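Engineer: Let me give you the structure first, and then I'll get to my questions.
The values are calculated or read from the model by the stated rules, or taken from the named source; none is laboratory data. Keep in mind that this is a model prediction, so the values were computed, not measured. Here Cβ is always computed from backbone atoms with ideal geometry, including for glycine, and neighbour counts include all displayed protein chains. Protein only, heavy atoms only, side chains kept; ligands, DNA and RNA dropped before computing areas. Shrake-Rupley method; radii C 1.70, N 1.55, O 1.52, S 1.80 Å.
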Amino acid sequence: MTGTTTGRRERKKAQTRQALTDAAVRLFTEHGFDSVGVREVAEAADVSLSTLFKHFPSKEALVFDLDEDIESALVAAVRDRAPGQSVLYALRDHMVHTRTAVRSDDPTFVLVESTPALRDYARLMWSRHEKTLAATLAEATGLAPEDPAVAGLARFALEAPSIARASEDPARTMRDVFTLLEHGWATTPLAREEDRPGRDG
């Protein structure tokens, strides 16, 4: 009985969060982020202002409902990877499966990109994810979190979606970026062209 009650409570919580996020994105898109207050969002979602703040600590956070889930999934991708799978391949597969569906014309993406406060919040959010991912990679590899290999992989892995999103084939582009991370610039056609005799070195 307790499990049923807990499950129902969690579903209700998720529904409330989704209603708040949907209302926020709709109102911010229609009227502008700066022109809409959190009280208006709460009213549109039919919840109290105190309930809104129980779920979201700030106005900006309303747009990033999956923040904690994204970070947890990044950590799990590394920690729970298949036996023998490298951390780079684990991250590549995770990013292909989770970060290539959002396109540059997605309403929430457009809202974030067109709103300075939301862009700043997103940068801070991804910076936090980067630090968490670097710590997880360090744990998995035995390297220090500040080691360039660990810090670099965390940084570039989280930047890859912005490159993939702008392409015609995001999944393929994501894989290409990780191939570059794996093998380096020396394996690219341009690098081989640069190495031909007669080229300035």
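Engineer: Specify the residue that is modelled with the lowest pLDDT; the eligible residues are those in region 54-70 that are within 24 Å of Val110 (Cα to Cα) and open to solvent by 40 Å² or more (accessible area, probe 1.4 Å). Steps first, answer last, please.
Structural biologist: Going residue by residue through region 54-70, those that are within 24 Å of Val110 (Cα to Cα) are 55-70.
Okay, now just the ones that are also open to solvent by 40 Å² or more (accessible area, probe 1.4 Å), so 57, 59-60, 66, 68-69.
Working: Pro57: 93, Lys59: 96, Glu60: 95, Leu66: 83, Glu68: 88, Asp69: 90.
Filtering first and then ranking leaves Leu66.
Engineer: Can you run down the residue pairs with Cβ atoms below 7 Å, 6 or more apart or on separate chains, where the first is in region 78-94 and within 13 Å of Val177 (Cβ to Cβ) and the partner is small (Gly, Ala, Ser) and open to solvent by 50 Å² or more (accessible area, probe 1.4 Å)?
Structural biologist: Partner pairs satisfying both residue conditions: none exist.
Engineer: With (1) at pLDDT 95 or above; (2) open to solvent by 80 Å² or more (accessible area, probe 1.4 Å) as the list, and Leu133 as the residue in question, which single condition is left unmet?
Structural biologist: For Leu133, the exception is condition (2).
Engineer: Please specify each residue of region 136-157 satisfying the condition of being of a type in the set (Asp, Glu), surrounded by 13 or more Cβ atoms within 10 Å (Cβ to Cβ) and part of a loop (DSSP other than H, G, I, E, B).
Structural biologist: Taking region 136-157 first, the residues of a type in the set (Asp, Glu) are 139, 146-147.
Filter again for surrounded by 13 or more Cβ atoms within 10 Å (Cβ to Cβ), leaving 139, 147.
Correct list: Asp147 only.
Engineer: If Thr108 passes every condition in (1) under 14 Å from the mean Cα position of the chain (by Cα); (2) over 20 Å from Glu168 (Cα atoms) but one, which one does it miss?
Structural biologist: Every listed condition holds for Thr108 apart from (2).
Engineer: Continuing with this model, one more query. Considering only region 28-38, state which residues are surrounded by fewer than 20 Cβ atoms within 10 Å (Cβ to Cβ), assigned to a helix (DSSP H, G or I) and not β-branched (Val, Ile, Thr).
Structural biologist: To start, the set of residues in region 28-38 that are surrounded by fewer than 20 Cβ atoms within 10 Å (Cβ to Cβ) comprises 29-32, 34-35, 37-38.
This time we only want the ones that are assigned to a helix (DSSP H, G or I), so: 29-31, 34-35, 38.
If the condition is that a residue be surrounded by fewer than 20 Cβ atoms within 10 Å (Cβ to Cβ), assigned to a helix (DSSP H, G or I) and not β-branched (Val, Ile, Thr), then Glu30, His31, Asp34, Ser35 are the ones that fit.
Engineer: Further, regarding this structure: In region 79-113, how many residues are closer than 22 Å to Phe28 by Cβ, open to solvent by 80 Å² or more (accessible area, probe 1.4 Å) and not in a helix (DSSP H, G or I)?
Structural biologist: Final tally of qualifying residues: 3.
Engineer: Can you pull out every residue in region 115-124 that is part of a helix (DSSP H, G or I) and either in contact with a Gly (Cβ under 9 Å, 6 or more places away or on another chain) or crowded, with 18+ Cβ neighbours inside 10 Å (or both)?
Structural biologist: Correct list: Leu118, Tyr121, Ala122.
Engineer: If you don't mind, another one. Could you list, in sequence order, the residues of region 41-74 that are more than 19 Å from the chain's Cα centre (by Cα) and among the acidic types (Asp, Glu)?
Structural biologist: Within region 41-74, Glu43, Asp46 qualify.
Engineer: State which residue is farthest from Tyr121 (Cα to Cα) when the search covers only region 39-53 and only residues that are open to solvent by less than 30 Å² (accessible area, probe 1.4 Å) and part of a helix (DSSP H, G or I).
Structural biologist: Looking at residues that are open to solvent by less than 30 Å² (accessible area, probe 1.4 Å) and part of a helix (DSSP H, G or I), I get Ala42.
Engineer: Then there's this: I'd like the residue in region 158-187 that is of a type in the set (Ser, Thr, Tyr) and assigned to a helix (DSSP H, G or I) and, out of all such residues, is nearest to Ala73 (Cα to Cα). Spell out the reasoning first.
Structural biologist: Going through region 158-187, the residues of a type in the set (Ser, Thr, Tyr) turn out to be 162, 167, 173, 179, 187.
The next check asks that each one be assigned to a helix (DSSP H, G or I); those that pass are 162, 173, 179, 187.
On the way: Ser162: 18, Thr173: 21, Thr179: 22, Thr187: 31 Å.
Checked region 158-187; the qualifying residue nearest to Ala73 (Cα to Cα) is Ser162.
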